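> Sharing a structure here in structure tokens format.
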Amino acid sequence: MHDQQHGPLAGFTVGVTAARRADELGALLRRRGATVLHAPALRIVPLADDAELLAATKELIDHAPDVVVATTAIGFRGWVEAADGWGYGEELLDRLRGVELLARGPKVKGSIRAAGLTEEWSPASESMAEVLDRLLAEGVAGRRVALQLHGEPLPGFVESLRAGGAEVVVVPVYRWMAPEDLAPLDRLLDATVTRALDALSFTSAPAAASLLTRAEARGLLPELLHALDHDVLVACVGPVTALPLQARGVTTVQPERFRLGPLVQLLGQELPARARTLPVAGRRMEIRGHAVLVDEELRPVPPAGMALLRALSRHPGWVVSRSELLGTLPGAGRDEHAVETAMARLRTALGAPKLIQTVVKRGYRLALDPAADTKYADA
């Protein structure tokens, strides 16, 4: 019932690292109730002289692709100009004349025609998703597809083609670099390490690599990997995106269809499934990232309260001492009075004081229902 009322991601915080299409991903997550923390892990700069682009250009001249997808006017123009500069301009245009050339939209069409070429097809929607659907409908098994990148490609585009049996040649007309302003990325890293996030989403491999590089530069890599391994769910749009993380031993989840919609649906299944649900004082209590569902009612809880609640839920029904609880409070120092203050706020936030019992001189316990005692005794 609460999913209709609150959205499956209510009470959870999801980090978004995408540079492009972050608004779209953020909107999909918020629509399902999530709190979104966005920090672009990348910026995209055009490159005039680059070994990778030169290598891709030579490879396509030597081994003809079946299809070339032109995604941006500035990128396509930049590619032709760079090839000219290297003395391969005519050869590249000759090669492109003999293949199926797809243009993402009218601007790209304009730059293709300005180069003396003609596109075979262009979607009315200017959508890469429509280009992908057409390619997959035609069948890509055994076909060689060249993709002129416009910075971050459509999430899952390369994965979907490869899954369909295509050989994909990426033509990188841009270079990835760290963002000029690193403050949002640092906030995202800090939130991950302190478990203020429940999940991190990635839509491109360079964004994943950039986050790891920044963590390493700040001396936070071991802490980041530990957080990603134990508490923060890592969701990638597809297997190519996940590679830099998997190389560091991070477990990732990904949807069967490599698109933003299915990525968000997956988070909507995975995060609630990881939430702890306990029968307490005749109520059903589900502990989410920064909120608790008490009998389907969403109750936001401050960070100190969540820290106490998690400590109590690790040993449901057992007494947890004040000193142990103090150790879980963020930046509490040594005064056990901080536990009492945070506990009073937690009880107010939950709106049901009887959920947590005070055991005089010993500490606090969750008022686990008697029938559940045996079930959770070994938890």
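The values are calculated or read from the model by the stated rules, or taken from the named source; none is laboratory data. Computed from a predicted structure; not experimentally measured. All Cβ positions, glycine included, derive from the backbone under ideal geometry; neighbour counts span all protein chains shown. Only protein heavy atoms, including side chains, enter the accessible area calculation; ligands, DNA and RNA are left aside. Shrake-Rupley method; radii C 1.70, N 1.55, O 1.52, S 1.80 Å.
> From the gyration tensor of the Cα coordinates in the stretch 193-237, what semi-axes in whole Å does the equivalent ellipsoid have, largest first, with each one equal to sqrt(5λ)?
16, 15, 7
> Taking only DSSP H segments of four or more residues, each worth -39500 (n - 2.57), what value at 222 nm results for the chain once the sum is divided by all its residues, to the nearest 500 deg cm²/dmol?
Roughly -13500 deg cm²/dmol at 222 nm, from the helical runs in the chain.
> Continuing with the same structure: With an 8 Å Cα cut-off and a minimum separation of 6 or more residues, compute the relative contact order for the stretch 58-99 in percent.
Contact order relative to length: 52 percent.
> For log10 I(q)/I(0) by the Debye sum over Cα atoms at q = 0.10, 0.14 Å⁻¹, the listed values are (i) -0.65, -1.39; (ii) -0.83, -1.30; (iii) -0.72, -1.14; which was obtained by calculation from the structure presented?
Comparing each candidate, only (iii) matches the computed number.
> Of the peptides 196-202, 296-302, how do they stack up when ordered by the mean number of other Cβ atoms within 10 Å, highest first?
196-202, 296-302
> If you don't mind, there's one more thing I want to ask. Any chance you could look up the accessible area of ARG162 with a 1.4 Å probe, heavy atoms only, rounded to 10 Å²?
Approximately 110 Å² of ARG162 is accessible to the 1.4 Å probe.
> Find the accessible area per residue for the stretch 1-149; the probe is 1.4 Å, ligands and nucleic acids are left out, and the unit is Å².
Accessible area per residue, the stretch 1-149: 45 Å².
> Then there is this: Order 125-134, 74-83, 184-193 from most to least packed using the mean count of other Cβ atoms within 10 Å.
Sorting 125-134, 74-83, 184-193 by mean packing, highest first, produces 74-83, 184-193, 125-134.
> Using only protein heavy atoms and a 1.4 Å probe, report how much of LEU260 is accessible, in Å² to the nearest 10.
Using a 1.4 Å probe on the heavy atoms, I get roughly 10 Å².
> What is the helix-to-structure angle for 303-314, meaning the angle in degrees between its Cα long axis and the longest Cα principal axis of the chain, kept from 0 to 90 and rounded to the nearest 10?
With rounding to tens, the tilt is 70 degrees.
> Compare the peptides 9-15, 175-181, 251-257 by average per-residue count of other Cβ atoms within 10 angstrom and give them in order, highest first.
Put in order of decreasing packing, that is 9-15, 251-257, 175-181.
> Over the chain, what percent of the accessible surface lies on carbon and sulfur atoms, probe 1.4 Å?
Reported share for carbon and sulfur atoms: 51 percent.
> Measuring with a 1.4 Å probe in the full set of protein chains, what accessible area per residue, in whole Å², belongs to the stretch 254-379?
Counting only protein heavy atoms, the per-residue value for the stretch 254-379 is 52 Å².
> Could you state the number of Å between the C-alpha centres of the stretch 198-224 and the stretch 98-120?
37
> Using only Cα atoms, tell me the angle between helix 128-138 and the longest principal axis of the chain; keep it within 0 to 90° and round to the nearest 10.
Computed tilt is about 70 degrees.
> Let me ask another. State the extension gain, in nm to one decimal, for the chain segment bounded by HIS315 and ALA273, taking 0.36 nm per residue of separation less the distance between their alpha-carbons.
Full extension of this stretch gives 13.2 nm more.
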